[in-house]
1. What are the ³J(HN,Hα) values, in whole Hz, obtained from phi via the Karplus relation 6.51 cos²θ - 1.76 cosθ + 1.60 with θ = phi - 60°, for each residue of the range 151-156 in sequence order, with x given for Gly and Pro?
2. Which value, in debye to the nearest 20, describes the size of the charge dipole of the range 63-167 about its Cα centre when Lys and Arg Cβ atoms bear +1, Asp and Glu Cβ atoms bear -1, and nothing else is charged?
3. To the nearest 0.05, what FRET efficiency results for Leu107 and Glu131 with a Förster distance of 22 Å applied to their C-beta separation?
4. What list of ³J(HN,Hα) couplings, whole Hz, do you get for the range 134-139 from phi and the Karplus terms 6.51, -1.76, 1.60, once you set θ to phi - 60° and write x for glycine and proline?
Amino acid sequence: MRKWIGIIFFSIVLIGAGWVAYLFFLKDYDTADQQVDEIVDSEFQVEVSEQQTKSSNDQQSQSSTNEDTSKDENLSVSEIKQNHQPAIDKLEQQAQAKIDELAQHALAEYQKKKNNGEDVSYSYFYQKYKEAANRLESNMDSAFNNIYSSMQTKLAENGHSKEAASEVKENYEQMKEQWKQELKDQAMEGF
């Protein structure tokens, strides 16, 4: 008898887990939303400024009187990082604005459905906004990788190891993880 109760209980748990997996991961919802697409798919406007690099080189070349000092014209690792920091800061600001806008849109859609008495499907919201967040992260990663590649190129051109930029990438990855956690917290509060 205990064996049959255990088998029935296990079957019910397995069916329930399968149903939840189906709702959240397999079922396709019509998640097309033009406003979400505009938020997520708009390009990040970041550009690495070469002005600081050029002015540093100009100042060094003007102060040098000997051709043997050409080694001094190389930028230091910290100068190269400083040259790229405004682009990274701008990317962070734009990403934060898009994340906030996406979260506000999700909450507004949820409240609208709730106020209209419509059925609110949490799996629909999960799938729709998880997909949008993944697309946004992909676009953000692409913009960051352009900045990061530029930084690595400048490091190599100035005789430094490309690995000197790894700290910047680690900070970026930590920032993304922090944003993901904040979004999860906001979602739990809003829903």
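Rule-based calculations on the coordinates, nothing more; no lab input. Please read all numbers here as calculations on a predicted model, not as lab measurements. Methodologically, a virtual Cβ is constructed for each residue, glycine included, from the backbone with ideal geometry; neighbour enumeration extends over all protein chains shown.
1. For the range 151-156, the Karplus-derived couplings read 5, 5, 5, 4, 4, 5 Hz, x marking Gly and Pro.
2. 660
3. Numbers: r = 17 Å, r/R0 = 0.78.
Computed FRET efficiency for Leu107 and Glu131 comes out at 0.80.
4. Running phi through 6.51 cos²θ - 1.76 cosθ + 1.60 with θ = phi - 60° gives 5, 5, 4, 4, 4, 5 Hz.
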